[in-house]
Every structure is written in structure tokens, then in C-alpha cells.
Amino acid sequence: MKVPDIIIAIDGFSATGKSTLAKLIAKEFDFVYLDSGALYRGVTLHALENGFIDKDNNIDLEGLKKSLDEGLDLHFESDGGQSHTFIGERDIESEIRTLRVSSSVSPIAAVPFVRAFVDNILHAAGRKGRVVMDGRDIGTAVFPDAQVKLFVTADPDVRAQRRFDELKAKGENPVFEEVKKNLEERDYIDSHRETNPLRRADDAFVMDNSDMTLHEEIVWTRGFLMGRFGILELTTASSSNAGQC
Ligand code: CDP
């Protein structure tokens, strides 16, 4: 028996390893992985490059709205456990992960018309089912009927260290305190915005992965899914689920 064609929603604070977990789940159980944060990051990159947001994070709402209404071609391609984000033909996957984008993404993501723009893309992708999606409001607002909801959390210092290591590995020159401050600021803005703030859905299960290895996370998830769906023996699905969203 395999995991049925469900939607798995993974929400939680910044840099808790949601996307790593979501990618592992996608690979293990042959789901399509969708990274909602990448889309908010994509809109932010677009806003930065076109002068719709300044260095103090003041947003030209009218200009940004007009350009989204004109049709920003923001999309991603998912293949197994991987997801790549594009604006038109341009692969923006690495540019959206810089600290520059991270420091402007939460104010942009708090704008209601930006959320509506991203939600449209997510709903279209999720309609196909057998999807694991990570973000801040997936289980509460984007897919409130998701059959499995996880809320991931971890110690703030552990999270900051993970993100610091990630940025370093990508060739950036991060300062630990700046990385940590960015995570704290985003957590605050994300949890306090008016539209669909970050919070645990009432029916979400909490995973604190501060002291868990990736292997332990996938063992935990496997056990969770087996218990949840009464599966006695897990086999991964055989059909490929790659596609463009
Ligand atoms: O990977 P990391 O935890 O740094 O964040 P992310 O998932 O890439 O998301 C970047 C930002 O997008 C978050 O800090 C939120 O401001 C926003 N976001 C959101 O508002 N709603 C979502 N469903 C996903 C991300």
C-alpha cells in the first residue's frame, strides 16, 4: 500500500527546515514538491529589480500591483524532490535565496494583493493533488482541507546556524547575528500581519526538529503517515509525478 493522493501542508517559522523535509517527503513518497516561499521571494526579487521597494522596505504598492496585474510570469518547475523558480525563461532559484531578498520578503508577503497573486499559482498547482507544499499559511488558508498538516519548529539558534551554513555554502559572506536578526524579524512580521498570519492550524501536528537528523525526520514522517492512514507496509509510488506548474 502506498500513501494516497493527498495534500501535505508543512508550515512553520523561518529556517526550520520545512523545505528540506518537504523535499525528502516528495522524493520518498513520489509527491510533487511546491515551495510557496519561493514565489514570495520571486515577487520580492521582481519588486527589488524594478524599483517597487526601497532599501527601507517602503513599497510602491501602486506600481507593484500594476506590474502583477499586467501579468508577471512567475512559475516553478517541479521534478521529484526538486523545485526551480522562474520569471519567464530566467531561472531565479539562487537569486531569491540571498539575504537581500530575505530582508524584504516579509513586508512584500504581508501585502494582500501579493498573497492573492501567489495563492492563485498555488491553488492551480495543488489542484493536481499528491502535493507536498511548505510555507506559513498552507494548512490554515491555502489548503485548509489538506489531509496532513505539519507545523515545524526548532530552537532559534539552531535555525540561525542552519541558515548561516546554507548561505556560506552558497558563497555568501553572512554575519551570524544578521542572519539571526533576519529570521527574528521575519517571524515577527509573518506572525503579526493581518492577512493569513503564520500560526499553527488547530489540526496540525508539531515537529520540533532542533535535535533531529534528516534521517530521523523521515522516519518520524513515515511512522506518522503509516499511523494516520492505517498503512502496514510502505512502498513508494512507482509513477513519476514531474510537471510544470
Ligand atoms: O526558507 P525560509 O524559512 O527562509 O522562508 P521561505 O519559506 O522561503 O519564505 C520566505 C518568506 O515568504 C517568509 O518569511 C514569509 O514572509 C513569506 N511566506 C508567506 O508569507 N507565506 C507562505 N506560505 C510562504 C512564505
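The values are calculated or read from the model by the stated rules, or taken from the named source; none is laboratory data. Here the structure is a predicted model, which is why all the values come from computation and not from measurement. Here the Cβ positions follow ideal geometry from the backbone for every residue, glycine too, while neighbour counts run over all protein chains shown.
List of remarks:
- Qualifying residue in region 168-182 (condition: among the aromatic types (Phe, Trp, Tyr), away from the ligand (no atom under 12 Å from the Cβ) and surrounded by fewer than 21 Cβ atoms within 10 Å (Cβ to Cβ)): yes
- Only one entry of GLY42, GLY63 meets the criterion of being farther than 21 Å from VAL158 by Cβ, in a helix (DSSP H, G or I) and either of a type in the set (Lys, Arg) or away from the ligand (no atom under 12 Å from the Cβ) (or both), and that entry is GLY63.
- Region 110-135 - residue that is within 13 Å of ALA38 (Cβ to Cβ) and under 12 Å from the mean Cα position of the chain (by Cα) and, of those, nearest to the ligand (Cβ to nearest atom): GLY135
- Search result, residues across region 146-202 that are of a type in the set (Lys, Arg) and part of a loop (DSSP other than H, G, I, E, B): LYS170, ARG193, ARG199, ARG200
- Residue in region 1-39 that is farthest from the ligand (Cβ to nearest atom), counting only those that are part of a loop (DSSP other than H, G, I, E, B) and among the hydrophobic types (A, V, I, L, M, F, W, C): MET1
- Restricting the first member to region 173-192 and to residues that are in contact (Cβ under 8 Å) with a residue 60 or more places away in the chain and within 15 Å of ARG100 (Cα to Cα), and the second to residues that are aromatic (Phe, Trp, Tyr) and part of a loop (DSSP other than H, G, I, E, B), the beta-carbon pairs closer than 9 Å and six or more apart or on different chains are LEU183/PHE13; ARG186/PHE13.
- Considering residues of region 38-71 that are surrounded by fewer than 22 Cβ atoms within 10 Å (Cβ to Cβ) and among the basic types (Lys, Arg) only, the residue farthest from ILE87 (Cα to Cα): LYS55
- Checklist (1) within 13 Å of the ligand (Cβ to nearest atom); (2) surrounded by 14 or more Cβ atoms within 10 Å (Cβ to Cβ); (3) at pLDDT 95 or above; (4) more than 19 Å from LEU74 (Cβ to Cβ) applied to SER191, failing item: (2)
- Looking only at region 111-137, and only at residues there that are in contact with a Pro (Cβ under 9 Å, 6 or more places away or on another chain) and on the phi < 0 side of the Ramachandran plot, the one that is surrounded by the most Cβ atoms within 10 Å (Cβ to Cβ): ARG136
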